[in-house]
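K.L.:
Take a look at the following structure, please.
The values are calculated or read from the model by the stated rules, or taken from the named source; none is laboratory data. Model, not experiment: these values are computed from the prediction. Glycine also receives a Cβ, built like all others from the backbone with ideal geometry; neighbour counts cover every protein chain displayed.
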Amino acid sequence: MFECYGKKLLRIDLSTRSVSEEPLREPFIQRWVGGMGFGVKLFTNEVPATAGPLGPDNKIYISVGPLTGTLAPLFAQTCIVTKSPLTGGIINTYAGGHLGGSIKATGYDVIAIEGQADSLVYVLISPAGVRIVDCPELAGVSVRTAEEAVQKAAKTEGMHTLGIGLAGENCVRYASVISETRAFGRGGVGAVFGSKNLKVIGIAGIGDVGVADPEEFRAAVSAAYTAFAEDLAQPWSLLGSFGRVGTGSGMGLINEKHALATKHHHMTHFEQAEQIGGQAIAEQYPTRPIACLGCQVHCGMLHKPVKTKWGEVWTRGPEYESTYSLGSLCLNDDPEMLLKANDQAEEYGMDTLSLGVSIAFAMECADRGILPRDAVGDGYVLEFGNPDTTIRLIDMIANRQGLGETLADGVRRASQRIGGGSEEFALQVKGMEFAAWMPERMRGIAVTFATSNRGACHKRAPIGMELMEVIPMDSVEGRAELVAGIQNHVNAIFALVACRFAEFVLPVQQFVDLLNAATGMAYTEEQFLQLGEVIWNLERLYNLEAGIDGGEDRLPDICFEVPEDFPPEAKPLTREDFATLLSDYYAVRGWDDEGRPTPERLAALGLHD
Amino acid sequence: MVQRLIVTVEKCTECRACELTCSLEHFGVFNLRKSGVRIVSNWPDLARARVCIQCEDPECLPACPAEALVVTKSGSIAVLHELCTGCESCVDACPYDGVWMDPLSGLAVKCDTCDGQFACLAVCTAGALSIGE
């Protein structure tokens, strides 16, 4: 059993610059499976709720799962769990590409990083061992430059990297960690790297990945291949359109449904949306699809360098979420500005969602007279639809200059500093900025944003069902139960570690078949989904201890205002509806009225002390 | 003419399913370094493919002092793992970068076309792999 695991954890203490290996015991593997399961369990065991996210007590857990590095399609992702400097709670974040396979081949299922280096370092993990190397020459350089420098210095074929840019070094609270254009985007894990003086990790594994039952595994992989092939062959396939033009393919539909957050949620529809959608960008600029390890969908759109008024940019993407946050939300309709902004976010290492929302927040403040129009300085006008101001602000945020210093801490802290009632419209939950969807339109999004352990995150929401109107967008009926089920399901597949898109196609049983064939375990569908629920509750308990209570399961006031172009036939979100959603949600979860898991529920989940 | 694997890099999405399949077929494990076809990324340009061209007069064959290279029924050259000593003579002899070493096992690795079965073809959904002569 457990052939698909290395059964080892690598611990790197940057304070003492020491390295050690620890075995992962079989009962631990059996219970927590991998990826998010490993990360959340280790983090909640080892990091006190009082630890400062940017202090030496915080730790970073980089984990892969039982299916990483195998032929199972859409299992290329790597998971990072740490304490978020945006929310102060636990964060899990993922990136695809080829990093996960490389980690798996090292024989480590988890890499734990703790302490703080006294000066900037990179870490090399290769067959030659683990090295911690001083790199003052990489201070302030872009992610790409740093990745290339480490690759060159390592002289190891097939090395993959993850690292930070200037934003991470400057502890911008939504700095991301980038792995070869793929981003561990949300929650500020890049700032945690920065606080530890950790610039890059280079990983080159050469080991084998086996599976417990090769014949069963081949059959399970073959079934998954068939399921994806059948989906992708359909003209309506969402994943098929992602593979042709990227995740921005849906912008037209979302706009048509009046669900595209525009002008800081004052509008639901963006007149120029088609100009910045995936279709337009893929057609206008030489583009080819790029896949993560073993993936049939190939949603990553790689462009040739493009000459823009801001200079030549080279980028992959932008993803849909970035075209919302830096596009429609700021009323930017210039695709070249989006390519440039995407490139900046990647080079500085910043979450495009929190970045775009922070910039839109400043524009909103200017519209309301809370910030002066010249708050950016140097003649840049702070106003919606100004691409030059957007590009300028991205530089200022990464450098923590001027207004950028305030915006670099996210909109919750920025609104507390700026005042003027801006806390009521700052688009955030638990300190994390809104992802690309509108609680005003979609009830599933309202309850997901309010209750996610990450903050205003869209990763575990019934987006497709609401958008395609399989279920009415504005009905509260059964919505909380649906969302809780998706949260459990997605958490479970993140233990494997699957791409979120896998859940669009594969039924639960196929995930379980792959898991069992690879590991030799005998998970049932019910046990697998309960794993997701256990992880969800464990995160919740940690967040409660860290002071994030039910009072933070809320949406900002702006979500209860009716957008200017709200479709007349639709029902706006009311406070009554939201209260119903939240109480339904707590009931479904087995939590009390204040959002605390009850002892009975915890006992049922095996989480009692 | 011996059939060989053709990689059309213009169609390749760099997913490396071919590599994972190849190592599974030949070694029973997943390991990109144990694959007889390698996709080398070169962003933003197209990838480069490394694979044996099954040349008519293979220089690797006589170079092997251990007789670990054999001609299969389909005419491709295969590595017999039990005889390979890891001396790298085949790697030095090949002018086309068609054979290399797996650092873990110390064995030579090359495409033997699965003796004409080409297991990788079935998993290349991008249509970048084909059989040529």
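K.L.:
I'd like to know if the stretch A:265-282 contains one or more residues that are within 13 Å of chain B (Cβ to nearest Cβ) and touching a Lys or Arg at 6+ places or on another chain (Cβ under 9 Å).
P.N.:
Scanning the stretch A:265-282 turns up no residue that is within 13 Å of chain B (Cβ to nearest Cβ) and touching a Lys or Arg at 6+ places or on another chain (Cβ under 9 Å).
K.L.:
Output the qualifying pairs, or none if there are none: Cβ atoms under 7 angstrom, residues six or more apart or on different chains, first residue in the stretch B:4-25 and under 24 Å from A:LYS304 (Cα atoms), second residue among the β-branched types (Val, Ile, Thr).
P.N.:
Qualifying pairs under 7 Å: B:VAL7/B:VAL37; B:VAL7/B:VAL51; B:CYS12/B:ILE39; B:THR13/A:ILE290; B:GLU14/A:ILE290; B:GLU14/B:ILE39; B:ARG16/B:ILE39.
K.L.:
On the basis of being under 25 Å from A:SER422 (Cα atoms), in the same structural domain as A:GLY404 (by TED's automatic domain parsing) and of a type in the set (A, V, I, L, M), does A:LEU339 make the cut?
P.N.:
no
K.L.:
Specify which of the listed residues (A:ASP549, A:ASP557) is closer than 20 Å to A:PHE434 by Cβ, outside the structural domain of A:LYS263 (by TED's automatic domain parsing), exposed (fewer than 14 other Cβ atoms within 10 Å of the Cβ) and not β-branched (Val, Ile, Thr).
P.N.:
Just a single option satisfies the conditions, and that option is A:ASP557.
K.L.:
Restricting to the stretch B:92-133, name every residue that is polar (S, T, N, Q) and over 21 Å from B:SER74 (Cβ atoms).
P.N.:
Across the stretch B:92-133, the qualifying residues are B:SER105, B:THR125.
K.L.:
Shifting gears a bit: Name, by its number, the condition in (1) surrounded by fewer than 19 Cβ atoms within 10 Å (Cβ to Cβ); (2) more than 9 Å from chain B (Cβ to nearest Cβ) that does not hold for A:LEU329.
P.N.:
(1)
K.L.:
Restricting attention to the stretch A:22-56, report how many residues are without any contact (Cβ under 8 Å) to a residue 40 or more places away in the chain, farther than 15 Å from A:TYR542 by Cα and outside any helix (DSSP H, G or I).
P.N.:
Residues that pass the stated criteria total 3.
K.L.:
Report the residue count in the stretch A:224-233 for those that are surrounded by 15 or more Cβ atoms within 10 Å (Cβ to Cβ) and more than 9 Å from every other protein chain (Cβ to nearest Cβ). Full working, then the answer.
P.N.:
Pass one, the stretch A:224-233, residues surrounded by 15 or more Cβ atoms within 10 Å (Cβ to Cβ): A:224-225, A:227-228, A:231-232.
Applying the additional criterion that residues be more than 9 Å from every other protein chain (Cβ to nearest Cβ) yields A:224, A:227, A:231.
Qualifying residue count for the region: 3.
K.L.:
Give me the residue from the stretch B:91-121 that is under 17 Å from B:ARG4 (Cβ atoms) and part of a helix (DSSP H, G or I) and, out of that set, farthest from the other protein chains (Cβ to nearest Cβ).
P.N.:
Top of the filtered list is B:LEU121.
K.L.:
Looking only at helices (runs of 4 or more DSSP H) that fall completely inside the stretch A:383-469, which ones have 3 or more residues that are more than 24 Å from A:PRO563 (Cα to Cα)? Steps first, answer last, please.
P.N.:
Values: elements: A:387-399, A:403-407, A:410-418, A:443-451, A:463-467.
Because the criterion is at least 3 residues that are more than 24 Å from A:PRO563 (Cα to Cα), the helices (runs of 4 or more DSSP H) in the stretch A:383-469 that meet it are A:387-399, A:403-407, A:410-418.
K.L.:
Shifting gears a bit: Might you let me know whether the stretch B:45-53 holds any residue that is at pLDDT 95 or above and farther than 30 Å from A:CYS292 by Cβ?
P.N.:
No, that holds for no residue.
K.L.:
Hey, which of the strands (runs of 3 or more DSSP E) in the stretch B:1-83, taking only ones fully inside, have at least 3 residues that are more than 10 Å from every other protein chain (Cβ to nearest Cβ), in contact with an Asp or Glu (Cβ under 9 Å, 6 or more places away or on another chain) and more than 17 Å from A:GLY97 (Cα to Cα)?
P.N.:
Once the strands (runs of 3 or more DSSP E) in the stretch B:1-83 are filtered for at least 3 residues that are more than 10 Å from every other protein chain (Cβ to nearest Cβ), in contact with an Asp or Glu (Cβ under 9 Å, 6 or more places away or on another chain) and more than 17 Å from A:GLY97 (Cα to Cα), what remains is B:77-79.
K.L.:
Of the residues that make up the stretch B:62-74, is at least one surrounded by fewer than 17 Cβ atoms within 10 Å (Cβ to Cβ), small (Gly, Ala, Ser), over 30 Å from A:GLY6 (Cβ atoms) and more than 14 Å from the chain's Cα centre (by Cα)?
P.N.:
Among the residues of the stretch B:62-74, at least one is surrounded by fewer than 17 Cβ atoms within 10 Å (Cβ to Cβ), small (Gly, Ala, Ser), over 30 Å from A:GLY6 (Cβ atoms) and more than 14 Å from the chain's Cα centre (by Cα), which makes the answer yes.
K.L.:
Regarding A:GLY404, is this residue assigned by TED's automatic domain parsing to the domain that holds A:GLN344, closer than 26 Å to A:ALA139 by Cβ and not hydroxyl-bearing (Ser, Thr, Tyr)?
P.N.:
The answer is yes for A:GLY404.
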